[in-house]
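A quick write-up on the structure given underneath.
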Amino acid sequence: MIIVGAGAAGLYTGLCLPSHYRVAILSKDLPQRSASDWAQGGLAAVTAPDDSADLHYADTLKAGADLCEPAAVRLLVESAPRCVASLLELGVAFDRTNDHLALTLEAAHSRHRVLHAADTTGRAIVTTLLEQVLQRPNLEILAQSLAVDLWRDREGHCCGLLLLQGQQLRWLAARAVILACGGGGQVFSQTTNPALSTGDGVALAGRAGAKLRDLEFFQFHPTALVWPGAPRFLISEAVRGEGAHVVDAQGDRFLFRYDDRGELAPREIVSRAIYRHLLETGTEQVWLDLRPIPAATVEHRFPNILQKCRRWGLDPLQQPLPIAPAAHYWMGGVYTNLNGATTCPGLYAVGETACTGVHGANRLASNSLLECLVFGRQFQNLQLPAAIAASSRLDSVHPLSVMGDRDRWKKQRQALQDLVWKAAGICRDADRLQAALAQVEVWQADLDAEPLSQAIAAIPLGQTQQLDGLDAEALRDWGELRNLLAIAQLILKSADFRTESRGGHYRSDYPKSNPGWRVHTDVQSGRWGTTAIGP
(Lines give C-alpha, C1' and ligand atoms only; values in the text may rest on other atoms or scores of the structure.)
Protein backbone atom coordinates (compact mmCIF):
# COMPACT_ATOMS: atom_id res chain seq x y z
CA MET A 1 0.00 0.00 0.00
CA ILE A 2 1.02 3.61 -0.48
CA ILE A 3 0.17 6.51 1.83
CA VAL A 4 0.87 9.89 0.24
CA GLY A 5 1.75 12.23 3.11
CA ALA A 6 3.61 11.93 6.40
CA GLY A 7 1.73 14.30 8.70
CA ALA A 8 -0.57 13.25 11.52
CA ALA A 9 -3.14 11.68 9.17
CA GLY A 10 -0.63 9.68 7.14
CA LEU A 11 1.47 8.48 10.08
CA TYR A 12 -1.48 7.50 12.27
CA THR A 13 -3.19 5.74 9.37
CA GLY A 14 0.01 3.76 8.78
CA LEU A 15 0.07 2.70 12.43
CA CYS A 16 -3.59 1.67 12.30
CA LEU A 17 -3.39 -0.43 9.13
CA PRO A 18 -3.23 -4.20 9.62
CA SER A 19 0.42 -5.11 10.15
CA HIS A 20 0.49 -7.72 7.36
CA TYR A 21 0.40 -4.92 4.76
CA ARG A 22 3.71 -3.53 3.53
CA VAL A 23 3.24 0.23 3.43
CA ALA A 24 5.26 3.00 1.79
CA ILE A 25 4.62 6.42 3.35
CA LEU A 26 5.62 9.17 0.93
CA SER A 27 6.84 12.48 2.31
CA LYS A 28 7.31 15.35 -0.12
CA ASP A 29 9.87 16.85 2.24
CA LEU A 30 11.12 15.54 5.58
CA PRO A 31 8.28 14.15 7.75
CA GLN A 32 9.00 16.71 10.48
CA ARG A 33 8.02 19.53 8.10
CA SER A 34 4.39 18.57 7.61
CA ALA A 35 1.53 21.02 8.18
CA SER A 36 0.49 18.95 11.23
CA ASP A 37 3.81 19.85 12.81
CA TRP A 38 2.70 23.51 12.68
CA ALA A 39 -0.61 22.88 14.50
CA GLN A 40 -0.55 24.92 17.71
CA GLY A 41 -3.98 24.94 19.26
CA GLY A 42 -4.75 21.39 20.27
CA LEU A 43 -7.04 18.41 19.99
CA ALA A 44 -10.76 18.66 20.78
CA ALA A 45 -12.15 15.70 22.71
CA VAL A 46 -14.61 15.05 25.53
CA THR A 47 -12.64 14.12 28.64
CA ALA A 48 -14.16 16.31 31.38
CA PRO A 49 -17.11 15.31 33.62
CA ASP A 50 -19.11 18.42 32.71
CA ASP A 51 -18.77 17.74 28.96
CA SER A 52 -20.48 15.24 26.66
CA ALA A 53 -20.35 13.89 23.12
CA ASP A 54 -23.76 15.49 22.53
CA LEU A 55 -22.38 18.95 23.39
CA HIS A 56 -19.32 18.45 21.16
CA TYR A 57 -21.67 17.22 18.41
CA ALA A 58 -23.91 20.29 18.73
CA ASP A 59 -20.96 22.70 18.73
CA THR A 60 -19.53 21.09 15.58
CA LEU A 61 -22.87 21.22 13.74
CA LYS A 62 -23.40 24.86 14.70
CA ALA A 63 -19.93 25.91 13.53
CA GLY A 64 -20.43 24.02 10.26
CA ALA A 65 -23.29 26.33 9.20
CA ASP A 66 -25.79 23.54 8.47
CA LEU A 67 -23.51 21.72 6.05
CA CYS A 68 -22.02 19.01 8.30
CA GLU A 69 -22.81 15.35 7.74
CA PRO A 70 -24.45 14.24 11.03
CA ALA A 71 -23.22 10.63 10.83
CA ALA A 72 -19.62 11.75 10.29
CA VAL A 73 -19.81 14.23 13.17
CA ARG A 74 -21.26 11.59 15.47
CA LEU A 75 -18.41 9.22 14.58
CA LEU A 76 -15.89 12.04 15.21
CA VAL A 77 -17.08 13.05 18.66
CA GLU A 78 -17.82 9.54 19.96
CA SER A 79 -14.46 8.17 18.80
CA ALA A 80 -12.47 11.08 20.23
CA PRO A 81 -11.87 9.67 23.74
CA ARG A 82 -10.53 6.39 22.30
CA CYS A 83 -8.12 8.31 20.08
CA VAL A 84 -6.90 10.36 23.04
CA ALA A 85 -6.30 7.14 24.97
CA SER A 86 -4.38 5.77 21.99
CA LEU A 87 -2.12 8.84 21.85
CA LEU A 88 -1.46 8.67 25.58
CA GLU A 89 -0.55 5.02 25.22
CA LEU A 90 1.84 5.86 22.37
CA GLY A 91 3.51 8.46 24.59
CA VAL A 92 2.12 11.87 23.58
CA ALA A 93 2.73 14.17 26.56
CA PHE A 94 -0.35 16.40 26.78
CA ASP A 95 -0.26 19.14 29.42
CA ARG A 96 -1.74 18.28 32.78
CA THR A 97 -3.16 20.12 35.76
CA ASN A 98 -2.33 18.00 38.79
CA ASP A 99 -3.27 14.49 37.65
CA HIS A 100 -5.83 15.55 35.07
CA LEU A 101 -5.46 16.45 31.41
CA ALA A 102 -5.35 20.24 31.07
CA LEU A 103 -8.18 21.61 28.94
CA THR A 104 -8.61 25.01 27.33
CA LEU A 105 -11.54 26.82 25.75
CA GLU A 106 -11.47 27.78 22.08
CA ALA A 107 -13.87 29.76 19.94
CA ALA A 108 -17.34 28.27 19.37
CA HIS A 109 -16.80 25.47 21.94
CA SER A 110 -19.33 25.43 24.79
CA ARG A 111 -16.92 23.67 27.15
CA HIS A 112 -13.23 23.54 27.96
CA ARG A 113 -12.35 20.45 25.89
CA VAL A 114 -9.17 21.20 23.93
CA LEU A 115 -6.13 19.16 24.97
CA HIS A 116 -2.74 20.67 24.28
CA ALA A 117 1.00 20.19 24.60
CA ALA A 118 1.97 23.81 25.31
CA ASP A 119 1.45 25.54 21.94
CA THR A 120 3.15 22.85 19.85
CA THR A 121 0.50 20.14 20.01
CA GLY A 122 0.88 19.13 16.38
CA ARG A 123 4.63 18.75 16.78
CA ALA A 124 4.21 16.63 19.92
CA ILE A 125 1.79 14.31 18.12
CA VAL A 126 3.79 14.04 14.87
CA THR A 127 7.08 13.45 16.71
CA THR A 128 5.55 10.61 18.73
CA LEU A 129 3.82 9.06 15.71
CA LEU A 130 7.01 9.24 13.66
CA GLU A 131 8.99 7.46 16.38
CA GLN A 132 6.39 4.68 16.37
CA VAL A 133 6.36 4.41 12.57
CA LEU A 134 10.15 4.04 12.44
CA GLN A 135 9.87 1.04 14.78
CA ARG A 136 7.37 -0.83 12.60
CA PRO A 137 9.02 -3.24 10.14
CA ASN A 138 6.08 -3.11 7.71
CA LEU A 139 6.20 0.70 7.37
CA GLU A 140 8.77 2.53 5.25
CA ILE A 141 9.06 6.29 4.77
CA LEU A 142 10.18 7.51 1.35
CA ALA A 143 11.33 11.11 1.93
CA GLN A 144 11.45 13.84 -0.70
CA SER A 145 9.01 11.95 -2.92
CA LEU A 146 6.38 13.73 -5.01
CA ALA A 147 3.36 11.85 -6.35
CA VAL A 148 2.87 13.12 -9.92
CA ASP A 149 -0.20 11.17 -11.05
CA LEU A 150 -2.27 8.20 -9.96
CA TRP A 151 -2.08 4.91 -11.85
CA ARG A 152 -5.42 3.38 -12.82
CA ASP A 153 -6.05 0.14 -14.67
CA ARG A 154 -8.50 -0.33 -17.53
CA GLU A 155 -11.39 -0.87 -15.10
CA GLY A 156 -10.60 2.44 -13.37
CA HIS A 157 -9.10 0.92 -10.19
CA CYS A 158 -6.24 2.82 -8.60
CA CYS A 159 -3.25 0.48 -8.54
CA GLY A 160 -0.34 2.80 -7.76
CA LEU A 161 1.14 6.09 -8.83
CA LEU A 162 3.83 7.89 -10.80
CA LEU A 163 6.52 8.90 -8.32
CA LEU A 164 9.20 11.58 -8.60
CA GLN A 165 12.21 10.98 -6.33
CA GLY A 166 15.03 13.40 -6.96
CA GLN A 167 15.42 13.32 -10.74
CA GLN A 168 14.02 9.81 -11.16
CA LEU A 169 10.45 9.24 -12.28
CA ARG A 170 9.02 5.74 -11.83
CA TRP A 171 5.76 3.87 -11.48
CA LEU A 172 5.08 2.38 -8.06
CA ALA A 173 2.41 -0.32 -7.87
CA ALA A 174 0.20 -0.95 -4.83
CA ARG A 175 -3.04 -2.61 -3.85
CA ALA A 176 -4.36 0.73 -2.61
CA VAL A 177 -3.34 4.38 -2.36
CA ILE A 178 -4.32 6.57 0.60
CA LEU A 179 -4.07 10.33 0.05
CA ALA A 180 -3.03 12.15 3.25
CA CYS A 181 -1.39 15.17 1.63
CA GLY A 182 -2.81 17.92 3.83
CA GLY A 183 -4.36 21.12 2.51
CA GLY A 184 -3.82 23.70 -0.19
CA GLY A 185 -3.28 27.03 1.57
CA GLN A 186 -0.33 27.87 -0.67
CA VAL A 187 -2.78 28.75 -3.44
CA PHE A 188 -3.26 32.03 -1.51
CA SER A 189 -0.57 34.69 -1.06
CA GLN A 190 -1.58 35.13 2.61
CA THR A 191 -1.55 31.78 4.39
CA THR A 192 -0.47 30.17 7.62
CA ASN A 193 0.32 26.93 5.76
CA PRO A 194 3.88 25.72 5.07
CA ALA A 195 5.28 25.92 1.54
CA LEU A 196 4.54 22.24 0.88
CA SER A 197 0.74 22.67 1.28
CA THR A 198 -0.02 22.81 -2.43
CA GLY A 199 -3.22 20.75 -2.63
CA ASP A 200 -1.49 17.71 -4.11
CA GLY A 201 -4.09 15.20 -2.95
CA VAL A 202 -7.07 17.08 -4.37
CA ALA A 203 -5.21 17.67 -7.65
CA LEU A 204 -4.23 13.98 -7.93
CA ALA A 205 -7.73 12.73 -7.17
CA GLY A 206 -9.33 15.26 -9.50
CA ARG A 207 -7.13 14.22 -12.41
CA ALA A 208 -8.04 10.59 -11.69
CA GLY A 209 -11.76 11.34 -11.91
CA ALA A 210 -12.63 10.94 -8.21
CA LYS A 211 -15.47 13.02 -6.77
CA LEU A 212 -14.41 16.23 -4.99
CA ARG A 213 -16.66 18.10 -2.57
CA ASP A 214 -17.21 21.60 -1.11
CA LEU A 215 -13.99 23.07 -2.50
CA GLU A 216 -15.21 26.67 -2.11
CA PHE A 217 -15.07 26.41 1.69
CA PHE A 218 -11.75 27.68 2.99
CA GLN A 219 -11.21 28.85 6.53
CA PHE A 220 -9.33 32.10 7.02
CA HIS A 221 -7.65 32.28 10.39
CA PRO A 222 -8.21 35.72 11.93
CA THR A 223 -4.91 36.10 13.76
CA ALA A 224 -1.84 35.63 11.58
CA LEU A 225 1.20 37.74 12.39
CA VAL A 226 1.90 40.70 10.08
CA TRP A 227 5.53 41.71 10.43
CA PRO A 228 8.25 42.61 7.90
CA GLY A 229 10.46 39.62 7.12
CA ALA A 230 8.29 37.16 9.05
CA PRO A 231 6.00 34.51 7.52
CA ARG A 232 2.28 34.64 8.25
CA PHE A 233 2.87 32.91 11.56
CA LEU A 234 -0.36 31.71 13.14
CA ILE A 235 -1.19 33.02 16.60
CA SER A 236 -3.25 30.18 18.02
CA GLU A 237 -6.98 30.42 18.64
CA ALA A 238 -6.19 29.22 22.15
CA VAL A 239 -4.64 32.62 22.90
CA ARG A 240 -8.07 34.23 22.58
CA GLY A 241 -9.57 31.35 24.53
CA GLU A 242 -7.23 32.21 27.41
CA GLY A 243 -8.33 35.87 27.34
CA ALA A 244 -6.36 37.82 24.71
CA HIS A 245 -8.10 40.85 23.16
CA VAL A 246 -8.34 41.91 19.52
CA VAL A 247 -8.10 45.69 19.32
CA ASP A 248 -7.62 48.39 16.69
CA ALA A 249 -5.07 51.21 16.75
CA GLN A 250 -7.25 53.11 19.23
CA GLY A 251 -7.44 50.14 21.60
CA ASP A 252 -11.11 49.49 20.81
CA ARG A 253 -12.32 45.86 21.01
CA PHE A 254 -14.28 46.38 17.79
CA LEU A 255 -15.26 42.72 17.29
CA PHE A 256 -18.24 43.20 19.63
CA ARG A 257 -19.79 45.49 16.99
CA TYR A 258 -20.13 42.43 14.74
CA ASP A 259 -20.91 39.63 17.21
CA ASP A 260 -21.78 39.52 20.91
CA ARG A 261 -19.19 36.78 21.44
CA GLY A 262 -16.35 39.11 20.47
CA GLU A 263 -13.03 37.26 20.30
CA LEU A 264 -14.74 33.91 20.91
CA ALA A 265 -17.04 34.06 17.89
CA PRO A 266 -16.44 31.43 15.17
CA ARG A 267 -13.39 32.01 13.02
CA GLU A 268 -15.18 33.10 9.85
CA ILE A 269 -17.07 35.79 11.79
CA VAL A 270 -13.89 37.10 13.43
CA SER A 271 -11.94 37.02 10.15
CA ARG A 272 -14.68 38.82 8.24
CA ALA A 273 -15.06 41.42 11.01
CA ILE A 274 -11.33 42.15 10.93
CA TYR A 275 -11.38 42.29 7.12
CA ARG A 276 -14.26 44.79 7.12
CA HIS A 277 -12.60 46.88 9.82
CA LEU A 278 -9.39 47.03 7.79
CA LEU A 279 -11.33 48.21 4.73
CA GLU A 280 -13.24 50.82 6.72
CA THR A 281 -10.15 52.22 8.42
CA GLY A 282 -7.76 51.88 5.47
CA THR A 283 -5.23 50.02 7.62
CA GLU A 284 -3.34 46.76 7.03
CA GLN A 285 -3.49 45.22 10.50
CA VAL A 286 -5.21 45.17 13.84
CA TRP A 287 -3.68 44.03 17.11
CA LEU A 288 -3.80 40.98 19.35
CA ASP A 289 -3.13 41.91 22.96
CA LEU A 290 -1.97 39.04 25.20
CA ARG A 291 -1.37 41.29 28.21
CA PRO A 292 -4.80 40.52 29.79
CA ILE A 293 -3.51 36.95 30.27
CA PRO A 294 -1.23 36.45 33.30
CA ALA A 295 2.40 36.40 32.16
CA ALA A 296 3.00 33.04 33.82
CA THR A 297 0.13 31.53 31.84
CA VAL A 298 1.49 32.90 28.56
CA GLU A 299 4.95 31.54 29.32
CA HIS A 300 3.58 28.11 30.24
CA ARG A 301 0.93 27.76 27.51
CA PHE A 302 2.51 29.57 24.58
CA PRO A 303 6.30 29.19 24.70
CA ASN A 304 6.57 28.65 20.95
CA ILE A 305 4.62 31.84 20.18
CA LEU A 306 6.80 33.78 22.62
CA GLN A 307 9.98 32.35 21.11
CA LYS A 308 8.97 33.04 17.50
CA CYS A 309 7.75 36.58 18.20
CA ARG A 310 10.85 37.48 20.20
CA ARG A 311 13.01 36.17 17.36
CA TRP A 312 11.39 38.82 15.16
CA GLY A 313 11.80 41.57 17.77
CA LEU A 314 8.31 41.43 19.28
CA ASP A 315 7.51 40.71 22.92
CA PRO A 316 3.86 39.67 23.47
CA LEU A 317 4.22 40.29 27.21
CA GLN A 318 5.04 43.95 26.57
CA GLN A 319 3.17 44.93 23.38
CA PRO A 320 0.20 43.92 21.22
CA LEU A 321 1.00 41.84 18.13
CA PRO A 322 0.10 43.11 14.61
CA ILE A 323 -2.24 40.59 12.98
CA ALA A 324 -4.54 40.10 9.97
CA PRO A 325 -6.48 37.14 8.54
CA ALA A 326 -4.82 34.51 6.34
CA ALA A 327 -5.92 31.30 4.60
CA HIS A 328 -5.62 28.43 7.06
CA TYR A 329 -7.73 25.31 6.52
CA TRP A 330 -9.59 23.72 3.61
CA MET A 331 -12.93 22.22 4.64
CA GLY A 332 -13.50 20.81 1.17
CA GLY A 333 -11.49 18.03 -0.41
CA VAL A 334 -11.72 14.54 -1.87
CA TYR A 335 -15.12 13.06 -1.08
CA THR A 336 -14.95 9.93 1.10
CA ASN A 337 -17.34 7.71 2.98
CA LEU A 338 -16.89 7.01 6.70
CA ASN A 339 -14.21 4.41 5.90
CA GLY A 340 -12.09 6.78 3.82
CA ALA A 341 -13.03 5.30 0.44
CA THR A 342 -13.34 7.66 -2.52
CA THR A 343 -15.44 7.07 -5.65
CA CYS A 344 -12.35 5.66 -7.38
CA PRO A 345 -11.88 1.98 -6.38
CA GLY A 346 -8.57 1.43 -4.59
CA LEU A 347 -8.19 5.13 -3.73
CA TYR A 348 -8.71 6.47 -0.21
CA ALA A 349 -8.23 9.83 1.50
CA VAL A 350 -7.83 11.00 5.09
CA GLY A 351 -7.16 14.23 7.00
CA GLU A 352 -7.39 17.67 5.43
CA THR A 353 -7.16 16.14 1.94
CA ALA A 354 -10.48 14.37 2.52
CA CYS A 355 -13.98 15.79 2.75
CA THR A 356 -15.69 13.52 5.26
CA GLY A 357 -18.45 15.98 6.10
CA VAL A 358 -17.36 16.66 9.68
CA HIS A 359 -16.46 20.31 9.10
CA GLY A 360 -19.32 21.42 6.88
CA ALA A 361 -18.89 25.01 5.74
CA ASN A 362 -16.66 26.00 8.64
CA ARG A 363 -14.40 23.90 10.88
CA LEU A 364 -14.77 24.00 14.65
CA ALA A 365 -11.42 24.83 16.25
CA SER A 366 -9.16 21.85 17.04
CA ASN A 367 -11.39 19.32 15.27
CA SER A 368 -8.82 18.93 12.47
CA LEU A 369 -6.18 16.94 14.35
CA LEU A 370 -9.02 14.89 15.79
CA GLU A 371 -10.33 14.13 12.29
CA CYS A 372 -6.88 12.83 11.26
CA LEU A 373 -6.97 10.35 14.13
CA VAL A 374 -10.59 9.25 14.06
CA PHE A 375 -10.68 8.60 10.33
CA GLY A 376 -7.15 7.19 10.31
CA ARG A 377 -8.37 4.68 12.88
CA GLN A 378 -11.10 3.60 10.43
CA PHE A 379 -8.41 1.84 8.37
CA GLN A 380 -7.65 -0.70 11.11
CA ASN A 381 -9.98 -3.27 9.53
CA LEU A 382 -9.27 -2.43 5.89
CA GLN A 383 -9.72 -5.41 3.55
CA LEU A 384 -8.14 -5.33 0.10
CA PRO A 385 -8.23 -7.64 -2.94
CA ALA A 386 -5.83 -10.56 -2.67
CA ALA A 387 -3.62 -9.43 -5.52
CA ILE A 388 -3.17 -6.86 -8.27
CA ALA A 389 -2.16 -7.46 -11.85
CA ALA A 390 0.36 -4.60 -11.93
CA SER A 391 4.01 -5.32 -11.21
CA SER A 392 6.04 -3.13 -8.86
CA ARG A 393 9.33 -4.53 -10.15
CA LEU A 394 11.80 -1.82 -11.15
CA ASP A 395 12.27 -1.40 -14.89
CA SER A 396 15.63 -0.49 -16.35
CA VAL A 397 16.28 3.24 -16.18
CA HIS A 398 15.85 5.27 -19.37
CA PRO A 399 17.52 8.69 -19.62
CA LEU A 400 15.28 11.57 -20.68
CA SER A 401 16.50 15.10 -21.35
CA VAL A 402 14.01 17.75 -20.18
CA MET A 403 13.90 21.54 -20.20
CA GLY A 404 12.08 24.20 -18.21
CA ASP A 405 12.37 27.69 -16.75
CA ARG A 406 12.34 27.40 -12.96
CA ASP A 407 12.47 31.17 -12.39
CA ARG A 408 9.36 31.62 -14.52
CA TRP A 409 7.54 28.86 -12.62
CA LYS A 410 8.34 30.56 -9.30
CA LYS A 411 7.13 33.94 -10.60
CA GLN A 412 3.95 32.36 -11.92
CA ARG A 413 3.32 30.69 -8.55
CA GLN A 414 3.50 34.10 -6.84
CA ALA A 415 1.24 35.67 -9.47
CA LEU A 416 -1.25 32.85 -9.01
CA GLN A 417 -1.23 33.24 -5.23
CA ASP A 418 -1.84 36.98 -5.49
CA LEU A 419 -4.65 36.44 -7.99
CA VAL A 420 -6.48 33.81 -5.92
CA TRP A 421 -6.12 35.82 -2.70
CA LYS A 422 -7.73 38.86 -4.34
CA ALA A 423 -10.48 36.91 -6.11
CA ALA A 424 -11.28 34.04 -3.71
CA GLY A 425 -10.03 35.31 -0.37
CA ILE A 426 -12.25 36.47 2.48
CA CYS A 427 -14.65 38.41 0.23
CA ARG A 428 -15.69 37.16 -3.23
CA ASP A 429 -17.89 38.23 -6.13
CA ALA A 430 -18.74 36.90 -9.60
CA ASP A 431 -16.73 39.45 -11.59
CA ARG A 432 -13.45 38.79 -9.78
CA LEU A 433 -13.98 35.03 -9.64
CA GLN A 434 -14.71 34.72 -13.36
CA ALA A 435 -11.84 37.00 -14.41
CA ALA A 436 -9.42 35.05 -12.22
CA LEU A 437 -10.73 31.74 -13.57
CA ALA A 438 -10.11 32.84 -17.15
CA GLN A 439 -6.53 33.79 -16.31
CA VAL A 440 -5.86 30.51 -14.46
CA GLU A 441 -7.12 28.48 -17.40
CA VAL A 442 -4.70 30.33 -19.71
CA TRP A 443 -1.81 29.57 -17.34
CA GLN A 444 -2.89 25.92 -17.13
CA ALA A 445 -2.87 25.58 -20.92
CA ASP A 446 0.56 27.22 -21.12
CA LEU A 447 2.05 24.84 -18.52
CA ASP A 448 0.48 21.79 -20.16
CA ALA A 449 2.07 22.80 -23.45
CA GLU A 450 5.59 23.08 -22.01
CA PRO A 451 8.14 20.43 -23.10
CA LEU A 452 8.51 19.03 -19.57
CA SER A 453 4.75 18.54 -19.17
CA GLN A 454 4.53 16.92 -22.59
CA ALA A 455 7.49 14.62 -21.89
CA ILE A 456 6.13 13.41 -18.56
CA ALA A 457 2.65 12.84 -19.98
CA ALA A 458 4.18 10.57 -22.64
CA ILE A 459 6.17 8.31 -20.28
CA PRO A 460 5.14 4.69 -20.95
CA LEU A 461 3.42 2.81 -18.14
CA GLY A 462 5.94 0.88 -16.08
CA GLN A 463 8.98 2.65 -17.45
CA THR A 464 11.50 4.42 -15.16
CA GLN A 465 13.00 7.68 -16.41
CA GLN A 466 16.09 9.55 -15.28
CA LEU A 467 15.29 13.21 -15.96
CA ASP A 468 18.38 15.13 -17.03
CA GLY A 469 18.59 18.88 -17.56
CA LEU A 470 16.70 20.03 -14.44
CA ASP A 471 17.57 19.44 -10.80
CA ALA A 472 15.21 17.91 -8.23
CA GLU A 473 14.08 21.27 -6.81
CA ALA A 474 13.12 22.58 -10.25
CA LEU A 475 11.14 19.41 -10.99
CA ARG A 476 9.28 19.76 -7.69
CA ASP A 477 8.54 23.42 -8.48
CA TRP A 478 6.95 22.29 -11.74
CA GLY A 479 4.88 19.61 -9.99
CA GLU A 480 3.66 21.97 -7.29
CA LEU A 481 2.75 24.70 -9.77
CA ARG A 482 0.78 22.16 -11.80
CA ASN A 483 -1.18 21.17 -8.69
CA LEU A 484 -1.71 24.77 -7.53
CA LEU A 485 -3.13 25.71 -10.92
CA ALA A 486 -5.45 22.70 -10.75
CA ILE A 487 -6.84 23.53 -7.30
CA ALA A 488 -7.07 27.25 -8.12
CA GLN A 489 -9.34 26.43 -11.04
CA LEU A 490 -11.45 24.14 -8.82
CA ILE A 491 -11.76 26.67 -5.96
CA LEU A 492 -12.61 29.60 -8.24
CA LYS A 493 -15.24 27.69 -10.20
CA SER A 494 -16.79 26.19 -7.06
CA ALA A 495 -16.94 29.64 -5.41
CA ASP A 496 -18.62 31.05 -8.51
CA PHE A 497 -21.03 28.10 -8.62
CA ARG A 498 -22.35 28.64 -5.06
CA THR A 499 -24.45 31.81 -5.26
CA GLU A 500 -24.86 32.42 -1.53
CA SER A 501 -22.73 33.07 1.56
CA ARG A 502 -22.20 30.30 4.11
CA GLY A 503 -19.44 29.50 6.60
CA GLY A 504 -16.01 30.14 5.08
CA HIS A 505 -17.51 31.15 1.71
CA TYR A 506 -18.61 34.80 1.57
CA ARG A 507 -20.00 36.44 -1.60
CA SER A 508 -20.48 40.22 -1.47
CA ASP A 509 -22.96 39.88 -4.36
CA TYR A 510 -24.87 37.17 -2.45
CA PRO A 511 -24.24 38.20 1.17
CA LYS A 512 -26.89 36.00 2.82
CA SER A 513 -27.30 32.25 3.23
CA ASN A 514 -29.95 30.67 1.04
CA PRO A 515 -31.82 27.61 2.43
CA GLY A 516 -31.91 26.24 -1.11
CA TRP A 517 -28.11 26.00 -1.01
CA ARG A 518 -28.02 23.75 2.05
CA VAL A 519 -26.39 21.15 -0.17
CA HIS A 520 -22.87 19.96 -0.93
CA THR A 521 -21.05 21.14 -4.05
CA ASP A 522 -19.72 18.13 -5.95
CA VAL A 523 -17.14 18.15 -8.74
CA GLN A 524 -16.26 15.13 -10.84
CA SER A 525 -14.50 14.99 -14.20
CA GLY A 526 -15.15 18.68 -14.89
CA ARG A 527 -18.85 18.61 -13.99
CA TRP A 528 -20.36 20.56 -11.07
CA GLY A 529 -23.49 19.50 -9.19
CA THR A 530 -25.05 19.28 -5.72
CA THR A 531 -25.88 16.56 -3.19
CA ALA A 532 -28.29 16.76 -0.25
CA ILE A 533 -27.08 16.52 3.34
CA GLY A 534 -27.41 13.02 4.80
CA PRO A 535 -29.69 12.11 7.73
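Residue separation times 0.36 nm, minus the C-alpha to C-alpha distance between E500 and H112: what's the value?
Additional length available on full extension: 136.4 nm.
For the range 432-507 and the range 134-168, compute the distance between their C-alpha centroids and round to whole Å.
Comparing the Cα centres of the range 432-507 and the range 134-168, I get a distance of 20 Å.
Run lengths n ≥ 4 of DSSP H only: what is the helix-derived mean residue ellipticity at 222 nm for the chain, with -39500 (n - 2.57) per run over all residues, to the nearest 500?
For the chain, the value works out to -11000 deg cm²/dmol.
Need the full-extension length gain, R518 to Q454, defined as separation in residues times 0.36 nm minus the C-alpha distance. One decimal, nm.
Result: 18.9 nm gained on full extension.
Kirkwood hydrodynamic radius, the chain, all distinct C-alpha pairs: what's the number in Å?
23.4 Å
Output ³J(HN,Hα) for the range 148-153: one whole-Hz value per residue in order, computed from phi by the Karplus curve 6.51 cos²θ - 1.76 cosθ + 1.60 with θ = phi - 60°, and x for Gly and Pro.
My calculation for the range 148-153 gives 8, 7, 7, 9, 10, 7 Hz in order.
How would you rank 372-380, 254-262, highest first, on the average number of other Cβ atoms within 10 Å across their residues?
Ranked from most to least packed, the peptides come out as 372-380, 254-262.
Report the Cα centroid-to-centroid distance between the range 186-219 and the range 284-298 in angstrom, as an integer.
32 Å
What are the lysines whose alpha-carbon lies under 29 Å from the alpha-carbon of K28, with same-chain residues fewer than 8 places away excluded?
Filter leaves K211, K308, K410, K411, K422, K493.
How high is the FRET efficiency between Y21 and Q132 when r is their beta carbon distance and R₀ equals 22 Å, given to the nearest 0.05?
0.85
Calculate what fraction, in whole %, of the accessible area of the chain sits on carbon and sulfur atoms when a 1.4 Å probe is rolled over the protein chains.
Reported share for carbon and sulfur atoms: 49 percent.
With contacts defined as alpha carbon pairs under 8 Å and 6 or more residues apart, what's the relative contact order of the range 397-506 in percent?
For the range 397-506, the relative contact order is 50 percent.
In what order, largest first, do M1, M403 sit by accessible area if the probe radius is 1.4 Å?
Highest to lowest solvent-accessible surface, that is M403, M1.
Among 415-428, 50-63, 191-204, how do they line up by average Cβ neighbours within 10 Å per residue, starting with the highest?
191-204, 415-428, 50-63
State whether the range 397-506 is rounded, prolate or oblate according to the following rule on the C-alpha gyration tensor (a ≥ b ≥ c being the square roots of its eigenvalues): a/c under 1.5 gives rounded; otherwise a/b larger than b/c gives prolate, and the remaining case gives oblate.
Judged from the Cα gyration tensor, the range 397-506 comes out prolate (a/c at least 1.5, a/b above b/c).
If you count, for each residue, the other Cβ atoms within 10 Å and average over each peptide, how do 293-306, 318-331 line up from highest to lowest?
Taking the mean over residues of other Cβ atoms within 10 Å, the ranking is 318-331, 293-306.
The values are calculated or read from the model by the stated rules, or taken from the named source; none is laboratory data. Keep in mind that this is a model prediction, so the values were computed, not measured. All Cβ positions, glycine included, derive from the backbone under ideal geometry; neighbour counts span all protein chains shown. Surface areas here come from the heavy atoms of the whole protein model, side chains and all, with no ligands, DNA or RNA. Shrake-Rupley method; radii C 1.70, N 1.55, O 1.52, S 1.80 Å.
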